[in-house]
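Okay, so here's the structure we're looking at.
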Amino acid sequence: MFKQYLQVTKPGIIFGNLISVIGGFLLASKGSIDYALFLTALVGVSLVVASGCVFNNVIDRDIDIKMERTRNRVLVKGLISAKVSLVYATVLGIAGFALLYFGANPLAMWLAVMGFVMYVGVYSLYMKRNSVYGTLIGSLSGAAPPVIGYCAVSNELDAGALILLAIFSLWQMPHSYAIAIFRFKDYQAANIPVLPVVKGISVAKNHITLYILAFMIATLMLTLGGYAGYKYLVVATAVSVWWLGMALSGYKTANDRVWARKLFVFSIIAITALSVMMSVDSMAPASKDLLTYVW
């Protein structure tokens, strides 16, 4: 039974978000780590993400049954009832918000609330089923965890927090479109209006390329703004250029599905590498940072 309650929270998604929370937290910590706050931020965000995933499982159970990837989920099989799941999700959410509010700061909690409302209320309940722009809304909620980690330390929504929001939301777009291409039949069967299904794979490839270019620019801003050092810059540039090269190879691929899966796998490697590098190569913004010279 415990296993089913764990599965319904989507542990893989929680783990992926934790890597980005750690990146944001350590970037803002600049080498001076408050371990109690660190643990609070990790557990608080984990509980909120788990809550959102359980709510999402309840909302999506009618379309999950139509998709090969999701038809064996706990709620689809009726192993846990929707009513019990809603109570479980509510308890997880309240615990997560309370932990962030009292253990970190109110700003961290409100950012978590905004991310949660966008994911559960706006994306899961409406946009995912009704709009090709659902991915965009989902990307904003998906970018909340690193910003929460950062603001748990800084207690202010500064340029560093906004750059993180840009990096992680721009990253989500090619990542999500790649999933939609290699899971094309699933999305078609469930009638979910993702870009590759609605506008075609060739249009989606153009969007993937443009979003990766925008992502490249956003990643550079952490160093230009004086928040991360040159080791981070080297790795960010390398993964971005490699990812862009992979995206461009999609224009001449014979198998879109295989190409999209490779692009998806590399997107996870890319964002993990960035999260690690911003953790180990964070800097206190100097009064005369690079931006002052640029402008």
Open item on the list: Every residue in segment 30-55 that is polar (S, T, N, Q) and modelled with pLDDT of 95 or more, please.
Closed with: Thr40, Ser46, Ser51
TODO: Give the number of residues within segment 1-37 that are over 20 Å from Phe168 (Cβ atoms), over 22 Å from the mean Cα position of the chain (by Cα) and not acidic (Asp, Glu).
DONE: 10
- [ ] Starting from segment 224-243, take each residue that is under 17 Å from Lys262 (Cα atoms) and list its partners that are among the small types (Gly, Ala, Ser) and buried (at least 21 other Cβ atoms within 10 Å of the Cβ), counting only C-beta distances under 6 angstrom and pairs at least six apart or across chains.
- [x] Val239/Ala270; Trp243/Ala270
- [ ] Report yes if some residue within segment 61-68 is open to solvent by 10 Å² or more (accessible area, probe 1.4 Å) and farther than 27 Å from Ala190 by Cβ; otherwise report no.
- [x] no
TODO: Could you run through segment 206-258 and say how many residues are surrounded by fewer than 16 Cβ atoms within 10 Å (Cβ to Cβ) and under 20 Å from Leu26 (Cα atoms)?
DONE: 3
Open item on the list: Quick check on Arg129: is it within 25 Å of Phe2 (Cβ to Cβ) and either aromatic (Phe, Trp, Tyr) or over 15 Å from the mean Cα position of the chain (by Cα) (or both)?
Closed with: no
Open item on the list: Suppose the filter is open to solvent by less than 70 Å² (accessible area, probe 1.4 Å), in a helix (DSSP H, G or I) and either of a type in the set (Phe, Trp, Tyr) or in contact with an Asp or Glu (Cβ under 7 Å, 6 or more places away or on another chain) (or both); does Phe102 pass it?
Closed with: no
Open item on the list: Can you confirm whether Val91 is in contact with a helix residue (DSSP H, G or I) (Cβ under 9 Å, 6 or more places away or on another chain), open to solvent by 60 Å² or more (accessible area, probe 1.4 Å) and assigned to a helix (DSSP H, G or I)?
Closed with: yes
- [ ] Can you confirm whether segment 110-117 contains a residue that is open to solvent by 40 Å² or more (accessible area, probe 1.4 Å) and not hydrophobic (A, V, I, L, M, F, W, C)?
- [x] no
- [ ] Within segment 170-192, identify whether any single residue is open to solvent by 30 Å² or more (accessible area, probe 1.4 Å), among the hydrophobic types (A, V, I, L, M, F, W, C), farther than 30 Å from Met67 by Cα and modelled with pLDDT of 95 or more, and answer yes or no.
- [x] no
Open item on the list: For segment 99-109, give me each residue that is small (Gly, Ala, Ser) and under 22 Å from the mean Cα position of the chain (by Cα).
Closed with: Ala104, Ala108
TODO: Could you list, in sequence order, all residues of segment 38-55 that are within 15 Å of the chain's Cα centre (by Cα) and either of a type in the set (Val, Ile, Thr) or open to solvent by less than 20 Å² (accessible area, probe 1.4 Å) (or both)?
DONE: Val45, Val48, Val49, Ala50, Gly52, Cys53
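The values are calculated or read from the model by the stated rules, or taken from the named source; none is laboratory data. In this text the structure is predicted, and so the values were computed from the model without any measurement. We place every Cβ from the backbone using ideal geometry, glycine too, and count neighbours over all the protein chains shown. For the accessible areas, the whole protein counts, side chains as well, though only heavy atoms, and no ligand, DNA or RNA atoms are used. Shrake-Rupley method; radii C 1.70, N 1.55, O 1.52, S 1.80 Å.
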